[in-house]
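I have placed the structure first, in the form of structure tokens, so that the comments after it can refer back to it.
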Amino acid sequence: MLIILRPDASTADRDRVVALIESLGYSAHVVEGTQRDAVAVVGNDGRVDAARFTALPGVDDVIQITRPYRMVSREWRTEPTVVSLSGGRSIGGPDLLVVAGPCSVENEAQIFGTARAVLAAGAGALRAGAFKPRTSPYSFQGLGSAGLDLLAAVRRETGLLIVTEAMDEEGLERVAEVADIVQIGARNMQNYALLKRAGRAGKPVLLKRGMSAGVADLLLSAEYVLSEGNPDVILCERGIRGADPSTRNLLDLSAIPSVKSLSHLPIMVDPSHGTGKRALVPAMARAAVAAGADGLLIEVHMNPADALSDGAQSLYPEQFALLMEELRGVAGVIGRRVP
Ligand code: PEP
Ligand code: MN
């Protein structure tokens, strides 16, 4: 970090900057210029808060040289993280993890029927929400605890891994008892109390990108989970708010190589929420695999017309089975595999 002083900064201003750097446990290196001076923070490991300097008298600008996150960065860990899951599955290695299922758990027949269909097509995990973060309070809010019981039963009977969302701190522990991967949704990406709790949950965390969040914001949110002791974070690109109403969100596939260059964490793509339209999902799923995604999250419903949430973007089971075949082909071309 480089703190640029104003041309009229006094020696006292400069000394105050140096003193603050030293009080934070780093050393300061003063760079004298002809018009103005600057002070470099030496030994910054990513934890220095720029805002501490911007407010000081005599400071003109603060330039970040070190990235603001640490444990999620490629500098911290050069090798990609492979998150091990139950049943010998993993994500982040050569094998892709395809997670599929309905948006919400609705009833026993619906969840078992969909689970069996996605299992037969080769999905590695079932994803369905028992607790649903809905934009409107009048939309279906999920079955809650009864939905978790159904997911636990599906897991017992089919052996499918379960991915399901925790919406708040109070519910996280109960969700973590059932889930193999705890999902934190887009709306909660910056719920820092929830992220900290997820850092102590003892289960891998699927962290979805907030709809207005940049890649750096996503990585900083992941840093919360890692810094609480949980290294098993899977990022998820699910589309950001765009200007074009022809899709629900703007699926940012460039986030995949961006994340890969900045971080060692695996990243999945959710083309269902990313487009909001069933017809667009297969193409974007194939593109995500081609762009290097480590996994996919795809909404599939036995009967999308009757779905209580996100029916319009849910694939029919037959479409999903066909897509899995196509994904195997795309993955093979880039030296990866859909098991
Ligand atoms: C979901 O996964 O069903 C969901 C609500 O997603 P997001 O948090 O990305 O909107
Ligand atoms: Mn959904």
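Here, each number is a calculation from the coordinates, and none is a lab measurement. This one's a predicted model, so the numbers in the text were calculated from it and none came from an experiment. Please note: Cβ atoms are built from the backbone with ideal geometry, for glycine as well, and neighbour counts cover all protein chains shown.
Per-residue counts of other Cβ atoms within 10 Å, averaged by peptide: what ranking do you get for 252-259, 7-14, 79-86, 220-227, highest first?
Working: 252-259: 18.5, 7-14: 13.2, 79-86: 15.8, 220-227: 23.0.
Averaged packing, sorted descending, gives the order 220-227, 252-259, 79-86, 7-14.
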query = In the neighborhood of Gly129, defined by Cβ-to-Cβ distances under 13 Å, what is the net charge if each Lys or Arg adds +1 and each Asp or Glu adds -1?
reply = 0
Long-range amide H partners of Gly129 with built H, under 5 Å = Ser104, Val105
task = Put one equal scatterer on each alpha carbon of the stretch 73-124, apply the Debye formula with no solvent term, and list log10 I(q)/I(0) at q = 0.13, 0.18, 0.21, 0.29 1/Å to two decimals.
result = -0.47, -0.71, -0.83, -1.09
note = Ranked from fewest to most other Cβ atoms within 10 Å of their own Cβ, Ser139, Ser90, Ser261 fall in the order Ser261, Ser139, Ser90
key: the stretch 267-339 shape via C-alpha gyration tensor axes, a/c threshold 1.5   = prolate
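Rg to Rh for the chain: what is it, with Cα atoms only and Rh by Kirkwood? Could you put the intermediate results ahead of the total?
On the way: Rg = 22.7 Å, Rh = 21.3 Å.
Result for the chain is an Rg/Rh of 1.07.
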message = If each DSSP helix of 4+ residues adds -39,500 (n - 2.57) and the sum is divided by the residues in the chain, what number results at 222 nm, nearest 500 deg cm²/dmol?
response = -10000 deg cm²/dmol
ask   = Considering only DSSP states other than H, G, I, E and B, which trypsin sites (Lys or Arg not before Pro) in the stretch 181-286 qualify as loop sites with at most 14 other Cβ atoms within 10 Å?
value = Arg200, Arg241
request  = Compute the convex hull volume of the Cα atoms of the stretch 14-149, divide it by the residue count, and report the result per residue in Å³ as a whole number.
outcome  = 221 Å³
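Per residue and in cubic angstrom, what volume does the convex hull of the Cα atoms of the stretch 172-271 have?
Numbers: hull volume 9.2 nm³, N = 100.
Convex hull volume per residue, Cα atoms: 92 Å³.
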ask   = Which of the listed residues, Leu195, Val42, Thr135, is farthest toward the dipole's positive end in the chain, when Lys, Arg count +1 and Asp, Glu count -1 at the beta-carbon?
value = Thr135
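How would you order 126-132, 40-46, 299-305 from highest to lowest mean count of nearby Cβ atoms within 10 Å? Kindly include the intermediate steps, with their values, before the conclusion.
Details: 126-132: 26.0, 40-46: 15.7, 299-305: 21.4.
Highest to lowest by the protection proxy: 126-132, 299-305, 40-46.
Using DSSP to define loop residues, name the chymotrypsin sites (Phe, Trp or Tyr not before Pro) in the stretch 134-204 whose beta-carbon has at most 10 other beta-carbon atoms within 10 Å. Write out the running numbers ahead of the final one.
Values: sites: Tyr138, Phe140, Tyr192; in loops: Tyr138, Phe140.
Filter output for the stretch 134-204: Tyr138.
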key: DSSP bridge pairs, the stretch 181-339: antiparallel proportion in percent, nearest 5   = 5 percent
